[in-house]
Amino acid sequence: MNWLILLLVGMATTGLLWALGVSRRLWTIAGAALMLGAAGFAAQGPRHLTGKPVAANVEPIVIDPAMVAFRDAVFAPSPADGLALASADARLREGDARGAIAGLTRDLAARPGDAVLWTALGYTLALHDHGLSPSAKFAFRRAVTLAPGTPGPAFFLGMAQVDAGDVAAARPAWAYALSVTPANAPYRPDIAERIAAIDQFIKMAAVRRALSGDPRQTGR
């Protein structure tokens with residue numbers, strides 16, 4: 001029954017996206033938020049079932065080559081940082097987030113003022129902790145403090161927030177990243193497009209609340 005409800009919700013959401021004129025290229029953020037909610041709903045399962053041991057999570061983490069290219073363009077990492085990032089990526093692909101964190105931590109011990117490594121550590125911690133844990137927030141704060149006029153730390157903070165399902169919270173981070181991005185930077189349109197996707201997602205959510213009679217939207 002749960003999966004039937006999820007199917008109906010998915011169909012309704014697709015129809016709403018189409019009705020709002022949201023570009024298909026920008027459906028990913030809305031789809032990610034829907035899938036996160038669906039996964040949580042399905043994970044609850046029937047409450048009468050007994051629990052059972054769960055194996056440790058060793059599922060490989062997909063590393064998007066386009067995002068790696070974007071990261072390299074934003075940060076232009078040094079050879080040492082490039083090696084550290086590639087090593088962390090390799091461990092994540094194997095599902096070894098702890099190993100990736102340990103490797104980045106060792107590199108930071110040698111280069112504690114490196115904003116690139118702090119950003120990578122913050123994002124990897126968020127992946128491992130399934131959200132912006134205090135340790136992930138600390139790492140991102142260090143990165144932003146060390147490189148306040150660069151878009152990289154703020155952009156990947158926004159990515160971590162989207163991954164955690166907090167889509168609206170990513171907008172200020174990405175807006176700041178866009179504000180410090182050079183006008184001629186080749187990755188500037190990508191950041192602007194992501195902000196536009198968030199704005200459309202927020203608009204879609206407001207319409208959905210209005211259609212459902214949510215008091216937050218109607219003022220009742």
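Given a 1.4 Å probe and the protein chains as shown, residue 61 ends up with an accessible area of around 50 Å². When each of the peptides 109-118, 175-184 is scored by how many other beta carbons lie within 10 Å of its residues on average, the order from highest to lowest is 109-118, 175-184. Global dimensions of the stretch 116-203 from alpha-carbon coordinates: Rg and Dmax equal 12.4, 36 Å. Distance between the pseudo-spin-label points of residue 188 and residue 69 (7 Å out from Cα toward the beta carbon): 2.0 nm.
Counting heavy atoms of the protein chains alone, residue 194 has an accessible area of about 60 Å² for a 1.4 Å probe.
Can you give the net charge of the other residues whose Cβ lies under 10 Å from the Cβ of residue 123, counting K and R as +1 and D and E as -1?
On the way: positive: 71; negative: 163.
That sum, taken over residues with Cβ under 10 Å, equals 0.
Taking a ≥ b ≥ c as the square roots of the eigenvalues of the Cα gyration tensor, the stretch 125-176 is classed as oblate, since a/c reaches at least 1.5 and a/b does not exceed b/c. The stretch 151-205 and the stretch 61-104 have Cα centres lying 20 Å from one another. Give the shape of the stretch 60-219 as rounded, prolate or oblate, defined through the alpha-carbon gyration tensor: a ≥ b ≥ c are the square roots of its eigenvalues, a/c under 1.5 means rounded, and otherwise the shape is prolate if a/b is larger than b/c and oblate if not. Prolate is the answer for the stretch 60-219, as a/c is 1.5 or above and a/b outweighs b/c.
The values are calculated or read from the model by the stated rules, or taken from the named source; none is laboratory data. Computed from a predicted structure; not experimentally measured. Note that each Cβ is placed from the backbone with ideal geometry, even for glycine, and that neighbours are counted across all protein chains shown. Only protein heavy atoms, including side chains, enter the accessible area calculation; ligands, DNA and RNA are left aside. Shrake-Rupley method; radii C 1.70, N 1.55, O 1.52, S 1.80 Å.
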